[in-house]
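The values are calculated or read from the model by the stated rules, or taken from the named source; none is laboratory data. Predicted model, so just to flag it, every value in this text is computed and none were measured. Heads up, the Cβs are rebuilt from the backbone with ideal geometry, glycines too, and the neighbour counts pull from every protein chain shown. Just so you know, the surface numbers come from the protein's heavy atoms only, side chains and all, with ligands and any DNA or RNA stripped out. Shrake-Rupley method; radii C 1.70, N 1.55, O 1.52, S 1.80 Å.
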Amino acid sequence: NPRSAITRKGEYRTTVVNKGATLGANCTIICGIEIGQYAFIGAGAVVNKNVLPYSLVLGVPGKHFGWMCKCGIQLKGKGNISCKCGEHYKISDEKCTILQ
């Protein structure tokens, strides 16, 4: 319930955008949200929940639509996946992790 004439600086919450995250044009990130590393937020999306690393988030409200490589290519499938750029990932419904 913001009002410009009322100072509420004690209510500010930290919003974190981690390394490599991509924020599309005109996306909106609600205060206090954390965007995981190399996540990809589509243009115009409204993000109101924390975003996992490598997650692709689209829409209003923002929803998880898949996983993205560090190079910006969408990853398809589950299990051990290799991107065209040479990076390797382990993908499940719940998370995506880079394999070393």
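Checking each residue in the range 64-77 for being under 20 Å from V16 (Cβ atoms) and out of contact with any Phe, Trp or Tyr (no Cβ under 9 Å at 6 or more places or on another chain) picks out only H64.
Checked against the criterion of being open to solvent by 40 Å² or more (accessible area, probe 1.4 Å), in contact with a Leu (Cβ under 8 Å, 6 or more places away or on another chain) and within 17 Å of C96 (Cβ to Cβ), the range 34-42 has at least one qualifying residue. Annotation for the range 49-72: no member residue is over 16 Å from the mean Cα position of the chain (by Cα) and at negative phi.
How many residues does the range 48-100 contain that are of a type outside the set (F, W, Y) and either open to solvent by 90 Å² or more (accessible area, probe 1.4 Å) or assigned to a strand (DSSP E or B) (or both)? Can you show your working first?
At the first step, the residues of the range 48-100 found to be of a type outside the set (F, W, Y) are 48-53, 55-64, 66, 68-88, 90-100.
This time we only want the ones that are either open to solvent by 90 Å² or more (accessible area, probe 1.4 Å) or assigned to a strand (DSSP E or B) (or both), so: 49-51, 55-58, 60, 63-64, 66, 68, 74-76, 78-82, 84, 88, 90-91, 93-100.
Residues in the range 48-100 being of a type outside the set (F, W, Y) and either open to solvent by 90 Å² or more (accessible area, probe 1.4 Å) or assigned to a strand (DSSP E or B) (or both): 32 in total.
Listed by first and then second residue, the pairs linking a residue in the range 50-77 that is under 17 Å from G24 (Cβ atoms) to a residue that is surrounded by fewer than 12 Cβ atoms within 10 Å (Cβ to Cβ) and not polar (S, T, N, Q), with Cβ atoms under 6 Å apart and 6 or more places separating them unless they lie on different chains, are C71/C85.
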